[in-house]
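Note sheet for the following structure.
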Amino acid sequence: MTDGRLEELIERAAAASGPLVVLTGAGISAESGIPTFRGPEGYWRVGSRHYRPMELATRAAFDAMPDDVWGWYLHRRAVCRAAAPNAAHLALARLETALGDRFLLVTQNVDGLHLRAGNSPARTYQVHGNLDLMRCAAECSRDLVAIPEPADPARLVCPRCGGRARPHVLWFDEYYDEDRFRFESALRAAAAAALLLVVGTSGATTLPARMCETVAARGAPMIVVDPGPTPFTRLAESSPAGLVLTGTACAVVPPLADALAARLARP
């Protein structure tokens, strides 16, 4: 991590007053063995038909076949729970420890690996939800409840009203909100960020795209880590304060996090 361009951006971030904001997507968890949402492993069979994730991950699908949708989510949850945080997750947890309140993590991932690695719930915005949580499908309350064990659809009911519970995830036919998914808070963080670090996300969802566009429009430093081109790598390449570090999260993030911690940490 001796690249002069990288050192320049870190120095700019150190001189600014805003937070270091990290935005992560499926690419960081793929190295823990979790299939990406849109990959072939995301398909799910109901009867004789194979459903795509974009068809299953909707309120409409849940209303039509709740047990089948729950079955798919419980399968995904089991895969996530069998995985372990990798070197990139652990490096970001160490970075939070070093920076304290100057650190903020915004993750699209619902696997909970950042929290298991040691990132704090207060500084981790899970903008697409968490597979370990459920809530009342009828909205009798705003409470989030841990999924009980053994996790089977028959037991997944709201503890308050006894009605059906649903996974605490943001579905394709739903909208971000502040209360559950920290929509406005994430945008405010992007508007104030001293530096935005983007790791392993394809740029296919609205909130992450708006965050990156906000940072680029401000001319603030933005570092994108990804093994291949994405809309975010192209945005960083076109930004006067952008930098693309090509490689996997586990290869790039640990030394990058150490460099950021060494310069941005305050006594």
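Per-structure values
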read-out	value
Efficiency of FRET from Cβ geometry, A60 and A146, R₀ 30 Å, rounded to 0.05	0.70
Accessible surface of D101 - all protein chains present, 1.4 Å probe, nearest 10 Å²	130 Å²
Separation of the S120 and A217 label points, Cα + 7 Å toward Cβ, nm	3.1 nm
Using a Förster distance of 35 Å, the FRET efficiency for A259-T206 (Cβ separation, nearest 0.05)	0.70
Label zone at R94, where the point sits 7 Å out along the Cα-to-Cβ direction: segment 1-36 residues whose backbone N lies under 12 Å	none
Leading residue at positive end of dipole, the chain (Cβ point charges), from H168, I147, A220	I147
Charge sum, other residues only, whose C-beta stays under 15 Å from C158's C-beta, Lys/Arg counted +1 and Asp/Glu -1	+4
Peptides ranked, highest mean first, by Cβ atoms within 10 Å: ranges 248-259, 64-75	248-259, 64-75
Fraction of accessible area attributable to carbon and sulfur, segment 126-267 (%, probe 1.4 Å)	55 percent
Longest exposed-site-free window of the chain, the sites being trypsin sites (Lys or Arg not before Pro) in a DSSP loop that have at most 16 other C-beta atoms within 10 Å	161-267
Relative contact order of the chain, pairs being alpha-carbon contacts under 8 Å that are 6 or more residues apart, as %	25 percent
Relative contact order of segment 65-216, defined on C-alpha pairs under 8 angstrom at six or more residues apart (%)	18 percent
Positive minus negative residues near A251 (Lys, Arg vs Asp, Glu; Cβ under 15 Å)	-4
Considering only segment 120-267, percent of DSSP beta bridges that pair antiparallel, nearest 5	45 percent
Computed FRET value (nearest 0.05) for A14 with D177, which takes r as the C-beta separation and R₀ as 35 Å	0.55
DSSP-assigned coil residues among chymotrypsin sites (Phe, Trp or Tyr not before Pro) in segment 93-199, each with at most 10 further Cβ atoms within 10 Å	Y175
Extension gain, A191 back to V79 (0.36 nm per residue minus Cα-Cα distance, nm)	36.8 nm
Shape of segment 73-183, Cα gyration tensor, a/c cut at 1.5	prolate
Per residue Cα convex hull volume in Å³ - calculated over segment 158-267	163 Å³
A154-H50 pseudo-label distance in nm [points 7 Å out on the Cα-to-Cβ vector]	3.1 nm
Unpartnered cysteines - no second Cys beta carbon under 4.7 Å - across the chain	C80, C212, C250
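The values are calculated or read from the model by the stated rules, or taken from the named source; none is laboratory data. As the structure is a computational prediction, the values presented were derived from the model and not from experiment. Neighbour counts run over all protein chains shown; Cβ positions are idealised from the backbone, glycine included. Accessible surface areas use protein heavy atoms only, side chains included; no ligands, DNA or RNA. Shrake-Rupley method; radii C 1.70, N 1.55, O 1.52, S 1.80 Å.
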